[in-house]
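Structure record follows, encoded as structure tokens.
The values are calculated or read from the model by the stated rules, or taken from the named source; none is laboratory data. Note that the coordinates shown come from a computational prediction; the quantities given were computed from them, not determined experimentally. Don't worry about glycine lacking a Cβ; one is built from the backbone with ideal geometry, like all the others, and counts go over all protein chains shown.
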Amino acid sequence: MIWVDADACPRPIREILYRAARRTHIPMTLVANSPLRLPHNTPVAFKLVKAGADVADSVILEHMAPGDLVITADIPLAAEVIAHGGLALDPNGELYSEENVRTRLSLRNFISQLREGGVYTGGPAAPTAKNREAFARQLDIWLSRHNTD
């Protein structure tokens, strides 16, 4: 099963996921606090949740199973997914691990402190072609190991 933290998932990454769902028929659910337009010919479920901090994260964690793949740029969610036996993949194509998620949490917390101190740190960059290729490659690796078709 693939879970997508869809509120911050870039459209090009969602398009890659839709194509994979059509090709493999792997169960996939997008979770977001605002409506998303899904292609009509895609076997993808959508769960609309109430707006609020970490509501989508809680739904994903409540329903995911060990071995599930979660697509997220949310580092705390990725850490929880790993702790629950799942795999987490960043929309830029980086597979989170126990080691790198700790490092990324520390960096995230540091940047958060800078922002609280009034330092402008900018937002995440849009995925590049190289990021999209890395994402598609990691997704294909997971699909080849988990697709039962």
Please go through the stretch 91-121 and pick out each residue that is within 21 Å of R14 (Cα to Cα) and touching a residue at least 24 places away in the same chain (Cβ under 8 Å). P91, N92, G93, E94, L95
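Being at pLDDT 95 or above and under 16 Å from the mean Cα position of the chain (by Cα) is the requirement here; does D68 meet it?
Details: at pLDDT 95 or above: yes; under 16 Å from the mean Cα position of the chain (by Cα): yes.
Considered against the rule, which asks whether it is at pLDDT 95 or above and under 16 Å from the mean Cα position of the chain (by Cα), D68 comes out as yes.
Residue-by-condition table, conditions (1) among the acidic types (D, E); (2) out of contact with any helix residue (DSSP H, G or I) (no Cβ under 6 Å at 6 or more places or on another chain); (3) part of a loop (DSSP other than H, G, I, E, B); (4) closer than 30 Å to H25 by Cβ:
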{"residue": "G67", "(1), (2), (3), (4)": "no, yes, yes, yes"}
{"residue": "A88", "(1), (2), (3), (4)": "no, no, no, yes"}
{"residue": "P91", "(1), (2), (3), (4)": "no, no, yes, yes"}
{"residue": "L114", "(1), (2), (3), (4)": "no, yes, no, no"}
{"residue": "Q138", "(1), (2), (3), (4)": "no, yes, no, yes"}
Conditions (1) without any contact (Cβ under 8 Å) to a residue 60 or more places away in the chain; (2) over 25 Å from R23 (Cα atoms) -> D74 fails only (1)
Does V119 count as of a type in the set (A, V, I, L, M, F, W, C) and either under 12 Å from the mean Cα position of the chain (by Cα) or more than 29 Å from R22 (Cα to Cα) (or both)? yes
